[in-house]
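Trainee: Dumping the structure here so I can ask a few things about it.
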Amino acid sequence: MENERKVALITGVTGQDGAYLAELLLSKGYIVHGIKRRSSSFNTGRIDHLYQAPQDEQSRFHLHFGDLVDSANLIRLVQEIQPDEIYNLAAQSHVAVSFETPEYTANADGIGTLRLLEAIRILKLEKKTRFYQASTSELFGLVQETPQRETTPFYPRSPYAVAKLYAYWIVVNYREAYGLHASNGILFNHESPIRGETFVTRKITRAVAAIKAGSKEILYLGNLDAKRDWGHAREYVYGMWLILQQERPDDVVLATGITTTVRTFVEWAFAEIGIDITWVGHGIDEKGLNAATGEPLVQVDPRYFRPAEVDLLVGDPTKAHQQLGWKHQISPRELCREMVAADIERAMGVHRNSGK
Ligand code: NDP
Ligand code: GDR
């Protein structure tokens, strides 16, 4: 039986998507290997519950220290693991942070992808190992057409997106040059209760939960008018898996097709705790007040503006629907509700399994 099981290697296994994907692949009977970085504090909170699973699952989940900037480490791990599928989810994934750390972001997100592809080639695993690359709607950047689809021209607007552009094309190149089964999932924003705390949706839902729990804090945000196509991460990792199950490798958009402003997401989140927000002022003086009491709850802070912004993302998931049978089920509003509810539970001190 062990010999028949598929073996997957997930980079970025400690992140939001890595945790959901590991859970999905284990449930499908895979042997799952994940690469985690050494850290001075615990960084496995999202996957710890997978160790608490029954004995047979436990023995199918293995973690290894590694880093996308370390070629020798990656080659050794790929050689030892001999994966059937590699999901390259590791990245410096924060767009704003990439303006502060452009060289590191290029190294990890761009060249890191090349290192993995080279590992496959050096080890002559081209026929065995399928490769998934976590490409992003940030590639579309400055609006060229809407909704954005596989054929929409790219116009990246951040060091992160430029690094991911290199990764996208090196995947295409290795597919064409060496016949690798290598695919790009061009995923629009996807969130969940285990989304990183500094991405805008989670930042909002955590603040709302803290206010519900009695905190007097003000939520400081940047551009309220940015529009994003927000889906649920659990559904998107299923799409990743489907992409690698295709007979032929391909590049596919996963999106909901629904776009929402940051401002509206704020309103939805506060509505979950019975507060209507009214907006006063303009630009950097804009505030969100409790409509009933006038209490300030939200404040624009220019520190969160980006040197170059992506104003509007809305994806066209037609190809995913037709080719993979993939379609989102959870609306952005339902996603917001689930995230607020989970953060309220946490804020109230109720311990939840982090992967759920
Ligand atoms: P997270 O930021 O939650 O997770 C990123 C993961 O990468 C973490 O496990 C992190 O480790 C790891 N990592 C970062 N740098 C390195 C490195 N140099 N070497 C090894 N591991 C590293 O991201 P998500 O789960 O949200 O996203 C997964 C991938 O999908 C990323 O590549 C992201 O750019 C991309 N993407 C995400 C979208 C989204 O909306 N979520 C949309 C489109 C693409 P640690 O825990 O130690 O920090
Ligand atoms: P994004 O996600 O940049 O789209 O990248 P993020 O949640 O960081 O920003 C979304 C939009 O909200 C605006 N914004 C703020 N953003 C943050 N983080 N903090 C704030 O205070 C704030 N106020 C307003 C931003 O300007 C932006 O317009 C995510 C990441 O997961 C990437 O890795 C992934 O590739 C893309 O989604 C698709």
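Trainee: Given 0.36 nm per residue, what is the gain on full extension from Asn43 to Glu80 after removing their alpha carbon distance, in nm?
Mentor: 10.9 nm
Trainee: More than 26 angstrom separation, counting every C-alpha pair in the range 120-248; what % is that?
Mentor: Beyond 26 Å sits 37 percent of the P(r) for the range 120-248.
Trainee: Further question: Hey, rough spin-label estimate for Ala341 and Tyr220, points 7 angstrom out along Cα→Cβ, what's it come to in nanometres?
Mentor: Here the modelled spin labels are 3.3 nm apart.
Trainee: Quick check on the chain: helices-only [θ] at 222 nm, where DSSP H runs of length 4 and up contribute -39,500 (n - 2.57) each and the sum goes over total residues. Nearest 500, please.
Mentor: -10500 deg cm²/dmol
Trainee: Also, quick follow-up: Under 5 Å between amide H atoms, partner at least 5 residues away or on a different chain: which partners does Ile86 have, H built in plane at 1.01 Å?
Mentor: Leu9, Arg130, Phe131, Tyr132
Trainee: Counting pairs of alpha carbon atoms under 8 Å apart in space and at least six apart in sequence, what relative contact order in percent does the chain give?
Mentor: Dividing the mean separation by the residue count of the chain yields 18 percent.
Trainee: How do Thr152, Thr261 line up, fewest other C-beta atoms within 10 Å first?
Mentor: Thr261, Thr152
Trainee: Roughly speaking, what is the stretch gain from Ala213 to Val172, that is 0.36 nm per residue apart minus the C-alpha to C-alpha distance, in nm to one decimal?
Mentor: 9.9 nm
Trainee: To the nearest 0.05, what FRET efficiency results for Phe65 and Gln329 with a Förster distance of 35 Å applied to their C-beta separation?
Mentor: So, using R0 = 35 Å, E works out to roughly 0.45.
Trainee: Right, another one. Under 5 Å between amide H atoms, partner at least 5 residues away or on a different chain: which partners does Gly315 have, H built in plane at 1.01 Å?
Mentor: Gln148, Thr256, Gly257, Ile258
Trainee: Can you tell me the 0 to 90 degree angle between the C-alpha axis of helix 332-347 and the longest principal axis of the chain, rounded to 10?
Mentor: 80 degrees
Trainee: Can you classify the range 151-201 as rounded, prolate or oblate using the Cα gyration tensor, where a ≥ b ≥ c are the square roots of its eigenvalues, rounded means a/c under 1.5, and otherwise it's prolate if a/b beats b/c and oblate if not?
Mentor: Cα axes put the range 151-201 in the prolate bin.
Trainee: Just the number, please: Stokes-Einstein D of the range 240-290 in µm²/s, Kirkwood Rh from C-alpha pairs, 10 °C, 1.306 mPa s.
Mentor: 109 µm²/s
Trainee: Kirkwood-based Rg over Rh for the chain (C-alpha set), two decimals?
Mentor: Over the Cα atoms of the chain, Rg/Rh equals 0.97.
Trainee: Which FRET efficiency value, to the nearest 0.05, is calculated for Tyr304 and Lys127 with the Förster distance at 45 angstrom and r the Cβ-Cβ distance?
Mentor: For Tyr304 and Lys127, the calculated efficiency is 0.45.
Throughout, read-outs are computed from the coordinates displayed, never taken from laboratory work. Remember, it's a predicted structure, so these values are computed and weren't measured experimentally. Glycine also receives a Cβ, built like all others from the backbone with ideal geometry; neighbour counts cover every protein chain displayed.
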